[in-house]
């Protein structure tokens, strides 16, 4: 151990390397305006979600004002419709009010944390399940691998929305059950992804070296192989935050919402569907929010892949 | 391994997957819901308790030692067959097409679930096929443009379109289209579509009107075509337009990205370099040499896309009140018509695994480099 660099030096070198990597990442980010836009949108939606309780009263969705039903008094937009009610009173409702007389803008701000939270829960659980089972399947091989693989086959043979509908129908429409229903359709992709990563990773010399020095199998798998093969999973996870929001809101849109009042983006659109031609703002703005948030995460995930994919670099 | 050995292996796996799907579906319906819900589709109002008990026994829900219907209704343990014991009799009924009466409002008790499903299925299949075709028509050129003009403006635009399509909520997009075509797009003062919003998709009416369109397949476009009826063909084509657009917009992104990356992979190959250094025109290089190899993965994806769209059409059908199985499944879930949902899942799963297999065989035939 005399010829190697001293620990301090090594630390300094790696931290310098890290800084260079980060700077290079930032440089690529600057060169790619679309990714920059995506990361800003994703970041903004997370910040908005975290602070929504401070901006808007969290109990707003429970209070209804029949007098303020379906009205619009934002002078910037003229809907060109025959019967648009003008909200009485001095307050300007930027995005109008809904059929319970609640401010649509505030409802959207309340809904963002709920959708993001559900999406994060689902993606993180799917990543966890995928990492553990995919890693075990690939590293153990043999009949265990075959069993896990066939299990994912079964779940991948049913379209995810359909399976989620069946599950939500039978389990009942609570928020937990809806989350579970989407999760059940989501984990197999991650198992497959992790498995293929670990399969290539476990053939590398460093794994053999670890085995030679007597490291345990669990330790090799979860301390060494998994951290080295987690990166495509992270990219997929970022991309999926958007897709899960889409699936979840689609589920609540077709009527699986726990309550018609609940501030959830798909449910807000569902509540507006019967007023499409009289109060279009009820569907336009909540839907636009889903679109923008999920686009943000998709652009971010796409960008991360491009920035860190060594094949496309330099 | 020869091709037929490979196919044989795949068919065995296919059966395994289908049994797995049926086990899950069966367990969800029977294990998590009370036994009455399993009997509900088979019971008609006029049945007396003795008949009901007999029915429950023949369906394998009640044991032969069960004393009376009321004992079963009270969930007494003498009567209840364990869930795993019910599976075989359930499979027998499923394979015989004995799904009981539909619980859907309007047809409840008069039509069987099997009939209701297959009456509606052609509409869904038609939509899924149209969506697949439109996706391929848009995504393939977009993918080529994106790859050949990599990292320039057309690539950025096409990437933005594909990612945008990937991120747009289908239900919102469908509603926006309706809003646009009904309220805001006007030609000479008239809206492009009738005022109540939803396009007339009820070609079920034109199928039933005698002498004009014969219901050969149940899918309006095919029927109109086979009956050589240009008016109804046009009508059903127009009715198909917006739902297909909505369905395609979400899958265009995925296909474009796959085509882009495979095209870029192919363009890096040596034989492309050779073709270019021979002095071939760029157009010839791309369309005659690169495209043939790059389009292969898209064929796989297009096949799978059709199968996935069969299940994914639910939202589009709801938004456009399309008379297919997807919209019906949402209604089925509100009245707890589990049999309808189970049938939908099983049929879709069957189509998906069969399509998977067919696509792989076609792939092997198209690409001589692939050996099994």
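The values are calculated or read from the model by the stated rules, or taken from the named source; none is laboratory data. This one's a predicted model, so the numbers in the text were calculated from it and none came from an experiment. Cβ sites come from the backbone with ideal geometry, for glycine too, and all protein chains shown count toward neighbours.
What number of residues within segment A:268-291 satisfy the criterion of being touching a residue at least 24 places away in the same chain (Cβ under 8 Å) and within 27 Å of residue A:176 (Cβ to Cβ)?
6
How many residues are touching a helix residue (DSSP H, G or I) at 6+ places or on another chain (Cβ under 8 Å) and away from chain B (no Cβ under 14 Å) when one looks only at segment A:125-153?
Counting residues in segment A:125-153 that are touching a helix residue (DSSP H, G or I) at 6+ places or on another chain (Cβ under 8 Å) and away from chain B (no Cβ under 14 Å) gives 15.
Taking residue A:219 as meeting all but one of (1) away from every other protein chain (no Cβ under 11 Å); (2) touching a residue at least 12 places away in the same chain (Cβ under 8 Å), write down the number of the exception.
(2)
Can you tell me which condition residue A:277 does not meet? The list is (1) more than 21 Å from residue B:161 (Cβ to Cβ); (2) under 12 Å from the mean Cα position of the chain (by Cα), and all the others hold.
(2)
Condition first: within 20 Å of residue A:245 (Cβ to Cβ) and without any contact (Cβ under 8 Å) to a residue 60 or more places away in the chain. Now tell me which residues in segment A:90-118 satisfy that.
Initially, segment A:90-118 is screened for residues within 20 Å of residue A:245 (Cβ to Cβ), giving A:95, A:104-118.
Listed by number, the list holds a single entry, A:106.
Which is surrounded by fewer than 23 Cβ atoms within 10 Å (Cβ to Cβ) and either closer than 28 Å to residue A:32 by Cβ or within 11 Å of another protein chain (Cβ to nearest Cβ) (or both), of A:293, A:276, A:269? So that I can check it myself, show each step before the final result.
Numbers: A:293 fails: surrounded by fewer than 23 Cβ atoms within 10 Å (Cβ to Cβ); A:269 fails: surrounded by fewer than 23 Cβ atoms within 10 Å (Cβ to Cβ).
After applying the criteria, what remains is A:276.
Determine whether segment B:83-93 contains at least one residue that is in a loop (DSSP other than H, G, I, E, B) and surrounded by fewer than 15 Cβ atoms within 10 Å (Cβ to Cβ).
If we filter segment B:83-93 for residues that are in a loop (DSSP other than H, G, I, E, B), which is where we start, we get none.
Checking segment B:83-93: not a single residue is in a loop (DSSP other than H, G, I, E, B) and surrounded by fewer than 15 Cβ atoms within 10 Å (Cβ to Cβ).
Just to be sure I understand, how many residues within segment A:178-205 are out of contact with any helix residue (DSSP H, G or I) (no Cβ under 7 Å at 6 or more places or on another chain) and over 30 Å from residue B:25 (Cβ atoms)?
4
Output the helices (runs of 4 or more DSSP H) that fall wholly within segment B:226-333 and possess 3 or more residues being within 14 Å of chain A (Cβ to nearest Cβ) and farther than 30 Å from residue A:250 by Cα, or say none. Give the derivation first.
Values: elements: B:230-267, B:270-277, B:291-312, B:314-319.
Fully inside segment B:226-333 and qualifying: B:230-267.
Considering only residues that are exposed (fewer than 13 other Cβ atoms within 10 Å of the Cβ) and either without any contact (Cβ under 8 Å) to a residue 60 or more places away in the chain or within 14 Å of chain A (Cβ to nearest Cβ) (or both), which ones fall in segment B:1-18?
B:4, B:8, B:9, B:12, B:15
Being part of a helix (DSSP H, G or I), within 12 Å of chain A (Cβ to nearest Cβ), surrounded by fewer than 19 Cβ atoms within 10 Å (Cβ to Cβ) and touching a helix residue (DSSP H, G or I) at 6+ places or on another chain (Cβ under 7 Å) is the filter here, so list the residues in segment B:129-160 that pass it.
B:155, B:156, B:160
Across segment A:154-190, which residue is farthest from residue B:14 (Cα to Cα) among those that are part of a loop (DSSP other than H, G, I, E, B) and facing chain B (nearest Cβ under 7 Å)?
Going through segment A:154-190, the residues part of a loop (DSSP other than H, G, I, E, B) turn out to be A:157-159, A:172-174.
Pick out the ones that are also facing chain B (nearest Cβ under 7 Å) and you get A:157-159.
Values: A:157: 10, A:158: 13, A:159: 16 Å.
Going through the qualifying residues, I end up with A:159.
Inside segment B:335-349, can you point out the residues that are surrounded by fewer than 17 Cβ atoms within 10 Å (Cβ to Cβ) and in contact with a helix residue (DSSP H, G or I) (Cβ under 7 Å, 6 or more places away or on another chain)?
Within segment B:335-349, B:336 is the sole residue that qualifies.
Residue B:367 is checked against (1) surrounded by 15 or more Cβ atoms within 10 Å (Cβ to Cβ); (2) within 23 Å of residue B:140 (Cβ to Cβ); (3) touching a helix residue (DSSP H, G or I) at 6+ places or on another chain (Cβ under 7 Å) and fails just one. What number does that condition carry?
Result: residue B:367 fails condition (1) only.
Considering every residue within segment B:45-64, establish whether at least one is within 30 Å of residue B:352 (Cα to Cα) and surrounded by 16 or more Cβ atoms within 10 Å (Cβ to Cβ). Write out each step before concluding.
Here is the first cut: in segment B:45-64, the residues within 30 Å of residue B:352 (Cα to Cα) are B:59-60.
This time we only want the ones that are surrounded by 16 or more Cβ atoms within 10 Å (Cβ to Cβ), so: B:59-60.
There is at least one residue in segment B:45-64 that is within 30 Å of residue B:352 (Cα to Cα) and surrounded by 16 or more Cβ atoms within 10 Å (Cβ to Cβ).
Do we find that residue B:99 is outside any helix (DSSP H, G or I), closer than 30 Å to residue B:221 by Cβ and modelled with pLDDT of 85 or more in this structure? Steps first, answer last, please.
Numbers: outside any helix (DSSP H, G or I): yes; closer than 30 Å to residue B:221 by Cβ: yes; modelled with pLDDT of 85 or more: yes.
Answer is yes for this residue.
Looking at segment A:299-314, I want the residues that are within 13 Å of residue A:242 (Cβ to Cβ) and have a partner that is assigned to a helix (DSSP H, G or I) and modelled with pLDDT under 65 with Cβ atoms under 9 Å, at least 6 apart or on another chain. Which pairs are those?
none
Just to be sure, is residue B:341 at the interface with chain A (Cβ under 8 Å from one of its Cβ atoms), out of contact with any strand residue (DSSP E or B) (no Cβ under 8 Å at 6 or more places or on another chain) and at pLDDT below 90?
Numbers: at the interface with chain A (Cβ under 8 Å from one of its Cβ atoms): yes; out of contact with any strand residue (DSSP E or B) (no Cβ under 8 Å at 6 or more places or on another chain): yes; at pLDDT below 90: no.
Criteria not met by residue B:341.
Got a sec? Which of A:263, A:310 is more than 10 Å from chain B (Cβ to nearest Cβ), closer than 21 Å to residue A:175 by Cα and either surrounded by fewer than 20 Cβ atoms within 10 Å (Cβ to Cβ) or modelled with pLDDT under 95 (or both)? Give the steps one after another, and end with the answer.
Working: A:310 fails: closer than 21 Å to residue A:175 by Cα.
From the options A:263, A:310, the qualifying one is A:263.
Checking the structure you have, find out if any residue of segment B:57-66 is assigned to a helix (DSSP H, G or I) and more than 14 Å from chain A (Cβ to nearest Cβ).
Within segment B:57-66, the subset assigned to a helix (DSSP H, G or I) is B:57-58.
Among the residues that remain, those that are also more than 14 Å from chain A (Cβ to nearest Cβ) are: B:57-58.
Yes, that holds for at least one residue.
Which condition does residue A:142 not pass, out of (1) surrounded by fewer than 20 Cβ atoms within 10 Å (Cβ to Cβ); (2) modelled with pLDDT of 90 or more, if it passes all the others?
Of (1) surrounded by fewer than 20 Cβ atoms within 10 Å (Cβ to Cβ); (2) modelled with pLDDT of 90 or more, only one is false for residue A:142: (2).
Please go through segment A:80-96 and give me each residue that is closer than 13 Å to residue A:280 by Cα and either touching a helix residue (DSSP H, G or I) at 6+ places or on another chain (Cβ under 7 Å) or surrounded by fewer than 17 Cβ atoms within 10 Å (Cβ to Cβ) (or both), ordered by number. It would help to see each step written out before you state the result.
Taking segment A:80-96 and keeping what is closer than 13 Å to residue A:280 by Cα, we get A:80-85, A:95-96.
Hits for segment A:80-96 are A:80, A:81, A:82, A:83, A:85, A:95, A:96.
Against the definition (within 15 Å of residue A:151 (Cβ to Cβ), within 23 Å of the chain's Cα centre (by Cα) and surrounded by 14 or more Cβ atoms within 10 Å (Cβ to Cβ)), how does residue B:29 come out, yes or no?
no
Filter segment A:242-260 for residues that are away from every other protein chain (no Cβ under 11 Å) and touching a residue at least 60 places away in the same chain (Cβ under 8 Å); which is surrounded by the fewest Cβ atoms within 10 Å (Cβ to Cβ)? Break it down stepwise before answering.
Looking only at segment A:242-260, we keep the residues that are away from every other protein chain (no Cβ under 11 Å), and these are A:244, A:257-260.
When the remaining residues are screened for being touching a residue at least 60 places away in the same chain (Cβ under 8 Å), the result is A:244, A:257-258.
Working: A:244: 27, A:257: 21, A:258: 16.
Only one residue fits best here, namely A:258.
Report, by residue number, each residue of segment B:319-334 that is within 14 Å of the chain's Cα centre (by Cα) and surrounded by 24 or more Cβ atoms within 10 Å (Cβ to Cβ).
Quick first cut of segment B:319-334, residues within 14 Å of the chain's Cα centre (by Cα) only: B:322-329.
Answer for segment B:319-334, where residues must be within 14 Å of the chain's Cα centre (by Cα) and surrounded by 24 or more Cβ atoms within 10 Å (Cβ to Cβ): B:322, B:324, B:325, B:326, B:328, B:329.
Exactly one condition in (1) surrounded by fewer than 16 Cβ atoms within 10 Å (Cβ to Cβ); (2) under 26 Å from residue A:196 (Cα atoms) is false for residue A:125; which is it?
(1)
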